[in-house]
Each structure stands twice: as C-alpha cells, then as structure tokens.
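Read through the structure below, which is laid out as structure tokens, and then see the notes.
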Amino acid sequence: MTTPTSPIHDPVRLAYMTNQYPAVSHTFIRRELLELERRGHTVARFAIRPARTALVDPADLAEAEQTFYCLERTKVGILVDVARTKLTHPIRFTRALRTAFVMGRRSRAGVLKHLIYLAEACVLARELERQRIEHVHVHFGTNPATVARLAHLLGGPGYSLTIHGPDELDDPVGHDLAGKIRDARFTVAISDYTRSQLMRWADRADWGRIHVVRCTVGDEYLGCAPVEPPTGVPTFVNVGRLSAQKGQLVLIDAFAQLLGRVPRARLVIVGDGEMRADVERAVAQHGIGDRVELTGSLPGDAVRERLAAAHALVLPSFAEGLPMVIMEAFAAGTPVISTAIAGIPELIEHGRSGVVLPAGRADLVADAMETLASTPAPERGAMARIGRTAVEARHRTSTEGERLESLILAALSHETGAGA
C-alpha cells in the first residue's frame, strides 16, 4: 500500500493515546512519538491509567511526568465533566451514548463498562480541547480506541489507530473494529498480515484508509554493531510476557527433549506475567531447574546482553502481532526460532535468518534448537546479519515515523480541503 505524499503543513498539535503509558513493553511507542516531536510537531501524552508495574527506566519516568491519565481525575471531577458535556453538547452526548450502548452490547466487557468509557471520553475530550489538540493517534484497538472514538463523537478531534494484535483480532466484533476503522481518519497495521485481517472485518469502502507502518528498533540496537556470536555452552533465550499466547510451556517441553541430546544446553527465560507459576511448575516437573534460568523482567541493556549471549532466540508463540524482540535479536546478532503465525514470516526468512515452524510443535522446536546448537558461530552470525538487514530496511524509526507523519498530514489536509 503506497503512503500519501506529505503536503506542506504547519506543525501539528498531536496527542498519543494508549491504555497504559509508559510501560516496559511500549518503548516503540515512545520512539515513535519522539520522532514526531523531532519532526517539529507537539505531542501530548494521554493514557487511561498509569502502568501497573513500577517504572525503572529514566526515560519512562520522564514520560510518565508528561502523561495525562484519565482515571487520575477524581470521581467528582469525572462526574462534573460528564454533566458539563451533557449540558453543553446534548446532541453529541446522545450520539456518543447511543454508540457506547451499541458497542457494549457486542462486547464481552458489557454496557456498564462502556458507560465508564464514555465518562473517560468526557474527561479526555475536555483535556484535548484545553490543549488545542488537532489529531489523536491511538495505539491498540481495545479500550483506548473506544475512549478516543467516543471523545471524537463528543466533539473532540479526529483520531487514527495503530492495530497490533492479537487481542483486537481475537474479538474483532466485540471491539467493533469495523466501526472504529470507519470513524477513524485512517488506520495503521503493524504488518501486512495485520492489514489483511483488518480488511477482513472492515467495510470494503474503508480499505484504502488502512496502511502499514511498522514498529521500529531503537539506536540502542541498530546504532551498535552486533557482537560476535557466542561459542561454548549452547544457550537459548526467550523474551516476553509469561502468558498463554507466548507458548513458553511448549518451549519448556522442547528444551526438556533437547537436553536428552545436548545435555550442556541452557535456557534463559526473560520476563514475567500471569503464567509464571505454570512455567515454574513445568520446569520442576521436567526436573530441569538446574538448566533453566527465570530472570523476571530486566531493563533494556540487560535484555540486549542476554540476546547477544544466546545461540538463538526461541519464541514458540501461539498468537502475536510482530514481536519487537525478533527485531532486537537480529540487531544484536542472534538468529531466531519462531512460529509461522501472524507477521512473523514477514521478517524471518526460513533457513536463512532463522527457523519458522508450525505452532504447538515442541518436537520441531527441539529439532531446531539442536540444529542451532551445532551450527558454527560464523554461520549463526551470517544468519543474524540477514535478519538485521531486513530490520534496517523495514523497521527504522526515521523511515516509519516519516510514513506516519505523512498519513497524519494528508488526513488533516484532506479534511481542511473538504471543509474549504
């Protein structure tokens, strides 16, 4: 899909909207909005709530200081905003209320939750007006997109979406993706696969406003040369939230099989999440605790070190968008073993930069790990270089930031022209 050429336009007052911001897994959002600021635009940060986990990165702490959180307004303040909106814009409020009811009936969250989203939208719309925001860009098509859509119906600025998956794509009707895409100025998908799934659910008339803008890797990876591939003990790393969609239990089964063939191998699992107890239990049941390290969440520099020290990143996911850690592994000089789902085959070239397997096959994951364990370091380095070349070509912040800026400016220019 071609991207519209950016028209000549003054700097824009933008808002970025997410569910939680900043968060450990959202550094790509920070890179994107900072790139738009570098290009001369003003970017205000908005989120439904602060991150649930403690922030340790100084850059995240600085971002949190700049972020407006809808749910940090007092209950009385929220009710005042709702009442003021209803009194001053009764027609708009009625239209937004009707939309909230329709979305709520379709959604697993229910009508009551969507009435809460409407209240949040009243808070958001008021603050957007106060800051004179011209356009809102939303990451994730779940509740932040719902709130931004309702705020727009209340008279707030137009919005655009970045859809990642898999959550939105698991329940496209419940999240009313078609309606959000229809009401948005444009929609962004992070991969061709994601775009195809949005086309599946969107009205045919809206396909032309669905574009691909990819997530990007920062200079902390691409600004440094990859280290030499490790030799010695075959070590494999998995990085990600400990959750059902990431497939860590399959990985543990596969690693237990691998130890029957490569007894010296090690597995490092970086991350935390709701399935930590299940992962620990699986390790104990296999009796492989002396060969598996669970690090919990680590800061970015420590993650880079773990990636660079591994023979391969292993990510046997069941559901994904396009994992940032694959890009980071390639940039660090590490080949990747992953599954043939979602946008992953768009980045990994099977047999060249890594191994792409059917999901759910512990036996095939074990085979791939055994192959990488015996692959000489120069060959592993060559595989990673192929992957890094793909990352450099398609996942640079400057390139993708320019693409997103072009879409925003073109949408604003079109509306200005249409209203002239």
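Each reported figure results from applying straightforward, stated rules to the coordinates on display, with no laboratory input. Values in this document were obtained by computation on a predicted structure and should not be read as measured data. Backbone-built Cβ (ideal geometry, glycine too); neighbour counts: all protein chains shown.
General remarks:
- Prolate/oblate/rounded call for region 95-244, Cα gyration tensor, a/c under 1.5 rounded: prolate
- Sum of side-chain charges, T389 neighbourhood, beta-carbon under 13 Å (Lys, Arg +1; Asp, Glu -1): +3
- Normalised by the number of residues in region 1-129, the average gap of Cα pairs under 8 Å and 6 or more apart makes the relative contact order 21 percent.
- Lysines whose Cα lies under 29 Å from that of K86, excluding same-chain neighbours fewer than 8 positions away: K75, K113, K180
- Mean separation of Cα contacts under 8 Å (6+ apart) over length of the chain, as relative contact order %: 16 percent
- For region 219-394, the gyration tensor built on C-alpha atoms gives a rounded shape. Its axis ratio a/c (a ≥ b ≥ c) stays under 1.5.
- For region 300-342 and region 67-108, distance of Cα centres in Å: 41 Å
- Ranking of R149, R84 by count of other Cβ atoms within 10 Å, fewest first: R84, R149
- In plain terms, the residue of F28, F255 with the fewest other Cβ atoms within 10 Å comes first and the most crowded comes last, giving F28, F255.
- In region 219-394, taking the dipole from charged Cβ atoms about the Cα centre, the farthest positive-side position among H311, Q245, G232 is held by G232.
- Sequence of C122, C224 once ranked by neighbouring C-beta atoms within 10 Å, starting from the fewest: C224, C122
- Summing charges over neighbours of V303, with a neighbour being any other residue whose Cβ is under 12 Å away from its Cβ, gives -3 when K and R count +1 and D and E count -1.
- About the centre of its Cα atoms, the chain shows a dipole size close to 1280 debye [charges on the beta carbon of Lys, Arg (+1) and Asp, Glu (-1) only; nearest 20 debye].
- Total formal charge among the other residues, if their Cβ is under 15 angstrom from that of V173, Lys/Arg +1 and Asp/Glu -1: 0
- Listed values (1) 71, 45, 42; (2) 56, 54, 45; (3) 94, 63, 33, entry calculated as Cα extents along the principal axes in Å: (1)
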